[in-house]
Every structure is written in C-alpha cells, then in structure tokens.
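The numbers here are math on the coordinates, done by the rules we state, and not lab data. If you're wondering where the values come from, they're calculated on a predicted model, not measured in any experiment. A quick note on method: Cβ atoms are made from the backbone with ideal geometry, for glycine too, and the neighbour counts reach across all protein chains shown.
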C-alpha cells in the first residue's frame, strides 16, 4: 500500500510539467477570501498563464509571510502598524480592494423588525453595563417594540482578527469608557461574554443562544439568517448594512484619507454611511523583483478595474467608490519593478 | 459452612454479571457520540459525493461542481512522504527504547516523545515554518511533510515501545541462546512477531496526521490548483475542510462535510487493506 | 578493501575482553541510538526556537508570568495562570472520563463481544481517530453544546447544584463540554493501544484463571488488567498528550475566557487554544513573545505531569514486581 502511494507521488513529482504557468502566492485576511477566490479564478480567464493562489491564514499571518518573503503579496483587514511597517526592507504599499462591514447580530425571536442600536448603547452592552434586553436605554431608541426581559449574552471573537479590530476601533470612537478600559486591537481583553472561533463560531453562538448579541461580518449574518440591527451613524441616521451604505462610508471619508490609504473609516461622515465599515487591503512591496513583479502589478490593476469591482456586491462585499479607485491606481503606478 | 460458600459464590456471580453488564453499557456510551458524529458527517456530506467531486479542482463560491482532487492527492502525497521517513524512524527509535532502554539517552527520549506528543500542532507548524519555509522562501509540500513527520514520529516511537515491551523475555533469550546475533533476534523475532501491534500504532499515527490542519496552514499552505512537485504550496484535505467550514456559504459547508467523509473513509480503507496484507492476528482470544 | 581497514578500528572501539560481540550488533545499536538522538535534537531545536521568541516576555514579566491570570493584548499585561488551569483541568477531566470508558471498550471488544462485532467496532473506533478536529469542533458547537445546555447542564444543576462544581448559568459551552469532547477524541487512542496490550496476554494465563474457577470478570481482572498496567499507562499518557495539545475542537466549545473558576459550567481557556487563536494575528512582538512563553509553559506543565505520573507508575510497578 505504502509502495503504491510512494510510486504515485513520485509520478506526480516527475510528471512532465504540463502547466507552464507562473504562480503567484498570496496570504492573509480571511474576510475577503470568498471574493478573492472568485476574483483569482476569473483572473485565470483573463490571463491564462498566471495562476494566483490565495489562502487565508489571518491578516497577521499574511503580514508575517510578506515580511519573510514567503509570499508574493499579503492581505490584511487592518492596516499595518508602525512596528510592522518598520520591519520591511522596502516600504509596503497598502492597496484597498473592497469594503466590508461588521454587523450587530442578535437572537430575539420575538422581535420581528430590525432592532435599532446606537454606538454608546452597544459599547455599554459590551462593557457589561446593560445586561437585560428590556433596559430603558434600549427601549427609548426602539419605541413600539416589545423587548423581552431576557439576559443579554455577549458573543465575541476568540481569535485575533481584523473584524475585532474594526469593531473595537468603532467602539473606542463612540465610547470614551471603552477606549480607556479596553482599547483597540485584533485581540482585546473582553469585559464580559463568551467567545466563538471565527465568524462562523460567533454566528453559531448567536444562533444557538436566545438573547445573544455579537458582531460578525455582513455575509455571515445573511448566510446564517441572523437578525441584524440598524446602527445610528455619525449623522444621526439609523442605517442598515448593505453594500451601498458601506460604499457611502468610504465616500464620506474620502476627504480625510491619507495618501497611503492606511486609515480607519469607522463612524464616517455621510447620511447614508454605515458606521462600522472598513477597507481590506492587498499588501505589496513598493519595489518588486523581476520574477513576478509585472504579474503582481497587472493583478492589482485588474482587481481595481470595473469588471472586478462589479463582482463584489453579489457576494455582499462593497465596491470601492470610483473616485477612490482613481487615487489607488495612481498609487499602484508608483510601484517599481526591476 | 456450606451456606456461607453458596452465598459467597452467589456474590461473585452477581459481581461478574454486573461487571460484564457495565462493560457493555460503557461501550454503548462510548459508541453513541461516535455514531452521532459519523451520522452528522454522513448526513451532510453524502449528498455531495460524486465522481466529479473526486476529480475536479475547487471552484469559487456560487459555481457548480467544485471538487477535492488536488486536496486528496496533496494529502496522500504529504502523508506518504512523512511516513516514508517517519515510520522507520519511529519504529527504530521505539525499538531502541524497548531493547536498550536503560540509560540516560533512553529516559530522555521517552520524556521527549511524551512532550512532543502534547505539543499543540500549531507550534509544530511554526517550527517547520521557521526551519523550512523561510529559508526556502516559499511554502512547500516538503515543509508540510516535515511538520506531519514531527507529529507522527513521537506517537509511533511510544506505541512501538509499548508493544515491543509486551514480547516475553524468554523469546529473546531463546534466540540469543541459539547463537543468533542480537540485532537479528530483535528484527526477526521481536519485531516480526509484533507486526500486528505495531501496525495499530502506525495506523493511529497515520489517522492523526491525515486529519491535522494547523501544521499544514503554515507549511504546505494551500493551493487552489495542482501543485507542480513538492516544491510548491500543496492543497490538503484538512486545510480544505477548515477553509470551507469557517466560510459563510452553505455549498462550501456541504463540500467540507463531504471532504471529511472522504478523509475518514480513506483512513478506513487504508486500515482494512493493511490488515488484510499483514494477515491474521496471533495470540489472545481472537 | 575499506572494510578490512575498518575492522581493526572497530575492534579497538569494543571494550577489551569481549571480542565476541558481533559487529552487526554494534552497528545496529549505534544506528538506533543515532535515531534516538536525532529525535531528541528536534525537541531541543523546538524548545530553542520557542525560547528565542519568548525570552523578551520572561525578561519583562519574570516569574509573575506564571502567577498572574490577566491576559490583555492591548495594555500588554500577560500572565499564563488561567491557561494552565484551563489546560490541566480540561485534560484531566477528559482523561478521567475517557480512561475507564476506553479500557472498558477495549475489554469488551476483545473479550466479551463476538469476534465479528469486535472486529467491526474495532475498525470503527480506529477510524474515528482520523476525524479532523475541526469536524469535532463543529459537531461540538452545533450538536453537543446545545444538548449540554438544554439537557445535561440543567440536570446536573437541578440535582447537584449545591456543589460549586455546577455553579453558574448553563451556557452549553465551557469547561465541561470541552472535557467531554476531548474525552471522545482521546478514546480511540487509549482503547486501540489497550486492545493491543490485552491481545498479547497468552491464552494460557486466561485459561489458567478460568480453570481455577474464576468468573469471567475475575479472570479479566487477574489475568489481563493487572499485567497490563504499564501498557495502559503508556496509552493514557499518549491520550493525555493529545488532550494537552488539542486546539481546534477545544477552542470551539470552551468559551475562550481566560478565567479561573471552580465551576465546570464556566467558560475557560487553554494554552494550546490561546496560542492558536492569537499567534497568527499577534500585532506586537511582545504579544508574540508572550504567546511563545505560554507554549513553553505548556512544555513545563506537560513535563511535570508526565514526570509525576511516571514516578507513580514506577513505584507501583516495583511493588507489583516484588509481589510476584
């Protein structure tokens, strides 16, 4: 048996190389993985001699792999911080590719319409200060909705992730107490609640526990058919998370986006803006080697093209606003290939 | 007194019946979760199985017909490569422990294996990443096989030692008394006589490494396409299952279950065929 | 040609006065020893790698790292006590649940069941060692945890709620659920190895016991269990090791709160699980360093427990041997 398998694998290794293609390897965030896998499969049709292999090992893993030189490009939800930027021999260019959103999901079968929540209320729930669903502060913003007296069970992410980063970043902006007590990060010390692993884990916890509330990426809420709350944005409107409102958040933050695109767009300005939105980035070194350099630049430019951006909404990702795409393309143009 | 003896005997018989009943009951208790998990996997995975599932490459979400062909081959390749080195290494190290197992090296090795067995597989992955992936500037099947090797060897070593320790000493002494050199005694008598038991240990280790995800994430990485040789990122069943299971898409979930089913069936077929090749087991009741 | 030259060299390496030692023996012994040393070196390399990443954490926190249970990546206050507690309690719980059941299964399959049922169930049990732990984890979240929350935990709380062990609200996930899932995962290991151990006991001993008038259970106790102590111990050590290092399935059902609580219903966190959860996304070097330090403390705890268990076994074996 072993001999058979050994021979089979030997044959595979020695078989004539019938795929005369270049392979690009990328690693990083799990959030955009479904879209990237679709994109890179489509890219094969555009450029048949290039295969792009992207796999999600987490934003941090992707950054580490990029810094170690073991992949051609990285991907991250949260921009690299100063410590990480310093480690790179050549500066790393952050290319925003799509937008995503964290949504607030909850399990209250009696409540039929989407709940309305505001930033300070959410922060206090996650701080453990609001413990029951029929708390007066929830009742005020949800007039006419019969809220049950169930305990609130908070669900959060056990694994470090960009999703948590975006979430804590938003809460720190709307709640000074959160900023002081807990802070912002991919992993934090949560005051109350139970953790699930990955978006699926949190969605699973919410689904199984009546009275649970948690944050997941938009697509996980819809595919698990979880109820999603409308959040009050900076302009005072209650918005629900859709690709349009998320793109509006990017458009609203356009004025203040720095030239390296390393920015947080949570709690953005704009009437239709969804407050818990964020970019996800592809990370490429600003000086690329001859070996794969041209292919990488071509890939990134294709990702920013209208053809690719159009594929985002059906998969519940938000495309970049066109005015931003222009700026990003200009930045990609500064990447040098030897 | 006769009636005392009778009562004593009755108590023994009663204890016997209770014990046998408990054994049966505990086995039933043990079997239940297994049936539940298997049922869970089969129920969700079976509908997706098809010839196409085995022979096509993964497809992006929303498209029909994704498969596990490269993952299945990748898993087989890496496990085979790891076993090629791991089974001999582990068996011989275990032999060392059982036959020459008194000195400092032996005690150290015993503790080493016990420690290595309890290392979280993600640390093994990290180790392999630092040792192989970074110098090679890329993920590869070699690194994946190395990580699996590190998990397999301690298990095989310890089970080999335990099985070989059970060989009665008089068999060895008989061989030596006949003038057979010690190494021949060990290989021809001790090892050959324990093949069935050693196979169990090897199969356990094989089953474990076929299902390991974390070490492969940082070493073999994953590949949506065929890997051209061991030098490239290689897809594997556990990583595919993990990637699909944590995604939000139902059709990917179904594929994950089907892949899990394929994995379990593969190990079962490997197990059965190895047993058939090795032959009937000697000794004991059966 | 070279062999002829080598002979006198090798001869001189042998201890004088024992020239009948076959060269084959010496070669065999040395090559086996080399393999053993290679494996030991791999552990040393692994520990060295971990140490090199963990050193800054130890320098920073010192011995307090082992006595503090807060874990805050944002303020960079790290302590591993809660994880040690979580790992030890959940693994020991898993072993307490799994060992008797695995041994019972092994005895049942070998001695009590009909031959074909025994073989069939045996294959099934070994096959279950192959189920990836992510599958166990998902089954745990979607089947076991709800069942625990709605059936088992209320039952325990209703009848034994006065014990601090069963204090607190039934979440479904927590220490008990993690212990149960780990017990299920290590049962194939312990039971398969135990079966092999039982199988090697010659039928003469079995028949002898029965001939002396023992009941089946007494025969099993006398002939099989007593003489298999070392083998069963080895099997349990392997199982415990697996439980210590188990990540994926545990992290999905343990609740992932770094806290120490007397209740089995409370969420907890293990060392393997925190490393797997946070290492890939660790944002600062100190965070990574602390996680590697947790890895080293896992080694330490494992060493202590293995060492202690071996000591107990050695003592009981000595007593047993002096009896025989």
5 Å-binned pair-distance histogram of the range A:102-255 (Cα, whole percent): 2, 9, 19, 24, 22, 16, 6, 1, 0
Crossing angle, helix B:195-210 versus chain B [Cα axis fit, 0-90 degrees, rounded to tens]: 30 degrees
Rg in Å to one decimal, and Dmax rounded to a whole Å, for the range B:51-285 via C-alpha atoms: 20.3, 71
Ranked list, fewest to most other Cβ atoms within 10 Å of each Cβ, for A:133, C:143: C:143, A:133
Max mean-square fluctuation residue, GNM over chain C, Cα-Cα springs under 10 Å, options C:53, C:40, C:103: C:40
Alpha-carbon centroid distance for the pair the range B:216-243 / the range A:217-238, whole angstrom: 35 Å
Square roots of five times the Cα gyration tensor eigenvalues for the range C:23-66, Å: 39, 8, 5
Quarter of Cα convex hull surface for the range C:191-274, i.e. mean projection, nm²: 7.7 nm²
Spin-label zone in the range C:167-181 - amide nitrogen under 13 Å from a point set 7 Å from the Cα of residue C:260 along the C-beta vector: none
Spatial separation of Cα centroids for the range B:34-89 and the range C:249-324, in angstrom: 31 Å
Percent RCO, i.e. relative contact order, over chain C, from Cα pairs under 8 Å lying at least 6 residues apart: 26 percent
Whole-Å semi-axes of the ellipsoid equivalent to the range B:148-258 (Cα gyration tensor, √5λ, descending): 44, 15, 10
Projected-area average for the range A:275-337 over all orientations - Cα convex hull basis, square nanometres: 4.9 nm²
Semi-axes of the equivalent ellipsoid for the range B:2-48, Cα gyration tensor, largest first, Å: 45, 5, 4
Mean-position separation - Cα centroids, the range A:274-323 and the range B:153-176, in angstrom: 60 Å
Residues in the range C:207-245 that a label on residue B:176 would reach, taking backbone N under 17 Å of a point 7 Å out along Cα→Cβ: none
Using a Förster distance of 60 Å, the FRET efficiency for residue B:6-residue B:46 (Cβ separation, nearest 0.05): 0.60
In range of the label at residue C:31: residues from the range B:78-94 whose backbone nitrogen is under 18 Å from the point 7 Å along Cα→Cβ: B:84-94
Chain A, relative contact order [Cα under 8 Å, separation at least 6], %: 22 percent
Per-residue mean of C-beta atoms belonging to partner chains within 10 Å, peptide A:212-221: 1
Computed over the range B:51-285: relative contact order in percent, which uses C-alpha pairs under 8 Å that are six or more apart: 25 percent
Averaged over A:34-47, number of beta-carbon atoms from partner chains that fall within 10 Å: 3
Cα gyration tensor, the range A:156-241 - rounded (a/c under 1.5), prolate or oblate: oblate
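May I ask for the Rg/Rh ratio of the range C:63-323, computed from Cα atoms with Rh as the Kirkwood radius, given to two decimals?
On the Cα set of the range C:63-323, Rg over Rh gives 1.03.
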Neighbour-count ranking [beta-carbon atoms within 10 angstrom, fewest first] of B:110, C:229, C:315: C:315, C:229, B:110
Residue B:265-residue B:28 FRET efficiency (beta carbon distance; Förster radius 30 Å; 0.05 resolution): 0.80
Inter-probe distance in nm under a simple model that places probes 7 Å from Cα toward Cβ, at residue C:119 and residue A:286: 7.0 nm
Spacing of the two label points (7 Å from each Cα toward its C-beta) at residue A:263 and residue C:312, in nm: 6.2 nm
Sorted by Cβ density within 10 Å, fewest first, the residues B:192, C:242, B:17: B:192, B:17, C:242
Calculated log₁₀ intensity ratio I(q)/I(0) where the Debye formula runs over C-alpha points of the range A:222-314, q = 0.11, 0.13, 0.19, 0.25 Å⁻¹: -0.44, -0.59, -0.99, -1.25
Cα convex hull volume per residue for the range B:63-145 (Å³): 132 Å³
Helix A:2-14 axis, angle to chain A major axis (alpha carbon atoms, nearest 10°): 70 degrees
Acute angle (nearest 10 degrees) that the helix A:162-174 long axis makes with the longest principal axis of chain A, alpha-carbon atoms: 40 degrees
Normalised convex hull volume, the range C:104-160, alpha-carbon set, Å³ per residue: 119 Å³
Residue C:303-residue A:180 FRET efficiency (beta carbon distance; Förster radius 25 Å; 0.05 resolution): 0.05
Two-decimal ratio, the range A:105-152, of alpha-carbon radius of gyration to 2.2 N^0.38 Å: 1.04
Space enclosed by the convex hull of the alpha-carbon atoms of chain A, per residue, Å³: 158 Å³
Most fluctuating residue given options C:122, C:86, C:62, as computed from a GNM of chain C linking Cα atoms under 10 Å: C:62
Gained length - residue A:302 relative to residue A:323, 0.36 nm times residue gap less alpha-carbon distance: 5.9 nm
Distribution of pairwise C-alpha distances over the protein assembly as shown, 10 Å bins, in %: 2, 11, 20, 24, 19, 12, 7, 3, 1, 0, 0
Spacing of the two label points (7 Å from each Cα toward its C-beta) at residue C:167 and residue C:284, in nm: 3.4 nm
Peptide C:302-309, shielding by other chains (average Cβ, 10 Å cutoff): 3
Gaussian network model of chain C, springs between alpha carbon atoms under 10 Å - residue of C:283, C:230, C:69 with greatest fluctuation: C:283
